[in-house]
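One structure is given here, and the rest of the page talks about it.
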Amino acid sequence: MSVSPILPGRLPNTLLARQLQGRIQQSQYDLVRLQEMAATNQRFFRPSEDPAAATKTIFFQKEVERNGQLVTNVATDMQFLSATETNFESVADALVKARALAAAGIGDSTTTEEKQALASEVRAMIQQVLQNANGTFRGRSLFGGTYTTTAPFEEVAGGQVVYRGDAGSIQSQLGSAFSIANNVDGETAFAALTKSFSKDLNPAVTLNTRLSELQGGVGVPLGQVRVTIDDGVNPAVVADVDLGGAETIGDVKTRLESAFGAGPPGLTVAVNATSDGLQLNPSGGTVSVVDLNGGVTAAQLGISSGAAASIVGGDLQPSITSQTLLADLDGGAGIDLSAGLRVTSGSTTAVIDFTGATTVEDVLNAIRAQTKAAGIDVVVGLNDARTGISVAGRTSGSKFSIGENGGTAASDLGLRTFTAQTWLTELNLGIGAPTGEPYRLEITRRDGTSVSLDLSAATNVQDVLNAVNAVDPGVLVASLNTTGNGITLLDDDGMSTGPLTVAMNPLSQALGLAGSEAGADPAVPLVGGDPNPQEAQGVFNLLLRLEKALRTGDDVELNRLAPKIEREIDRFDEVRADVGTRLQTLEEVENRLKDRAVTLQESLSNVFDADLADILSQVAYRQATLEATLRVAAQTMGLSLINYL
């Protein structure tokens, strides 16, 4: 048997060299990695090195980043609200000073020159408050609502101040389900708008009415309902109907009727006679509807009922939308807007023409466009309850009203500022009408006879109209003006041609009726003025009117303004308190977020940060290992056969 040759002597040395080289390189790599860990304080550099820890690390890093952003949000919010409060402080001081100036200006104890000086002080205060109201922080308007790049308040010709912003809030996210407004809009802060008038326009329910618009815009939760029809002869027929996904009343009708097909028995679903809900009629016998699986669909649709020959649903309270048809208003009777209406601000009147309008949006657009063309600034939109529309004036320092233009459009839309239901205490910018003794409504009729009316029991305008109309029914007639606002007095017996006169006294003046119609035509009435103009209630309107009252020496106006200033001080304090509450909330959130940041950082450190003590220990061990390897390598690689000869 042959013997294989012995391997060359160099091969074992080569293999040994490679093994030693590999160990040295590994030791050097381990040392470098330990040095990187020490330098970066990281336990690993690639997810594959520790997948479980890497997953936790990524989660905690995201949470730390998110928490940091929330901390930044809170800090920013606090800065904006602190800047808001700084401006509010100056405005509050102006209101307190205005109260003192109003009191100082009343009566003869203050000379004309002194009142002029007081008025000049008020003028300076107006400029200061205007500067505060147009305050900015970090380039953002503080009180413009969502209009953040322009000055929200503008002083216009005539010494009036117009609010150009909106009532929008700027929300800042402070958590997954928590946000807070970091602004106060000018409407809220400075009560910059007039009172808005509105009413429920009572839109009819139609087959096109969307279910999301029902119940005042809350909508109807959709689920399964059980409909049972019993004709009293055959076994009752039961149908479980799924209304999920239905969008309109028409969809509900289709699904309920389809559940019974062509019958018998059959089911007819329609809008009820009052056009405010549904009506279910079986082809015979009785019908009942119940909700299934704990749902409330039938109840919310007003059709949940025991067995009945017909189910007549209740009012579904559909909300108004911009696309609501005018023909569907007033329960489907529609409203007549052909005559238009009149919007007056100061001495400017815009006659609004609704020609071609078919939807609520058309009405809103017509008012916006035509008031703007006339130079009248208004806020127009749907009311908060989504039951009608509202219009408010934007101008402080002037009177605002909405009246008729020969028809009933203003009343039908709920926008008229003087109606039969207006309280007498609200007339004349809140001064009211003195209905008690010794004041009476003294009327000299066209036939020369006199009427003295005691209105002490009257509380609203309708009471006044009723009292006049009871004197000589059908002849002496009091009604609301057909154009504009006010009370119209007609005395037409077909014969008398003398003047129709209402004696001037505080009561007749407060009602806007003082005066005379001297013409001989009894068909021509005495038309009174508007006793119920509106005004903004905030600081600008009060200061502007205070300045004017001081310059003209109008003690009646000063006495009217004094309690209004007091109420505005209280209201403004509530606005400031709300800002203070938000700041306090933000401080609490900030502290909570900072505590959470510490917890998150600790958790992240536990899974990602390197242990320096352990690293130093490993470095020492690896260095010792490397040194030993190098020493052994040097000794081993230096040996040869000669060393043993």
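What follows is calculated from the coordinates using simple rules that are stated; it is not laboratory data. Model, not experiment: these values are computed from the prediction. Note that we place each Cβ from the backbone using ideal geometry, even for glycine, and neighbour counts take in every protein chain shown.
A few remarks follow.
- Between Val156 and Val161, Val162, the built amide H atoms are under 5 Å apart, and every one of these is 5 or more places off in sequence or on another chain.
- Amide hydrogen proximity for Leu193: with H placed 1.01 Å from N in the peptide plane, the residues at 5 or more positions away or on another chain lying under 5 Å are Gln537.
- Theoretical gain in end-to-end length, Asp454 to Glu155 [0.36 nm per residue, Cα-Cα removed]: 103.1 nm
- The angle between the Cα long axis of helix 555-608 and the main principal axis of the chain comes to about 10°, on a 0 to 90 degree scale.
- Sequence of Ser452, Ser401 once ranked by neighbouring C-beta atoms within 10 Å, starting from the fewest: Ser452, Ser401
- Reference-scaled alpha-carbon Rg (2.2 N^0.38 Å with N residues) for the stretch 425-527: 1.01
- Using 0.36 nm per residue and subtracting the Cα-Cα separation, the extra length available between Thr55 and Ser179 on full extension is 41.7 nm.
- 222 nm mean residue ellipticity, helices alone, for the chain (DSSP H n ≥ 4; -39,500 (n - 2.57); rounded to 500): -13500 deg cm²/dmol
- Principal semi-axes of the equivalent ellipsoid, √(5λ) from the alpha carbon gyration tensor of the stretch 308-412, are 30, 15, 12 Å from largest down.
- Equivalent ellipsoid, the stretch 53-179 (semi-axes from 5 times Cα gyration tensor eigenvalues, Å): 47, 15, 10
- Candidate lysines - alpha carbon under 22 Å from Lys97, same-chain residues fewer than 8 apart omitted: Lys115, Lys548, Lys564
- Evaluated over the chain, the Cα radius of gyration and Dmax, each in Å: 41.3, 162
- Helix 360-374 axis, angle to the chain major axis (alpha carbon atoms, nearest 10°): 70 degrees
- Overall, the anisotropy analysis places the stretch 450-492 in the oblate class: the square-rooted eigenvalues a ≥ b ≥ c of its C-alpha gyration tensor yield a/c not less than 1.5, with a/b not exceeding b/c.
- Where Rh is the Kirkwood radius over Cα pairs, Rg/Rh for the stretch 211-312: 0.95
- Reported to the nearest whole Å, the Cα centre-to-centre distance from the stretch 131-165 to the stretch 358-427 is 24.
- Estimated distance in nm for a label pair at Ser90 and Ile431, the labels positioned 7 Å out from Cα along Cα-to-Cβ: 3.4 nm
- Efficiency of FRET from Cβ geometry, Val471 and Ala124, R₀ 56 Å, rounded to 0.05: 0.55
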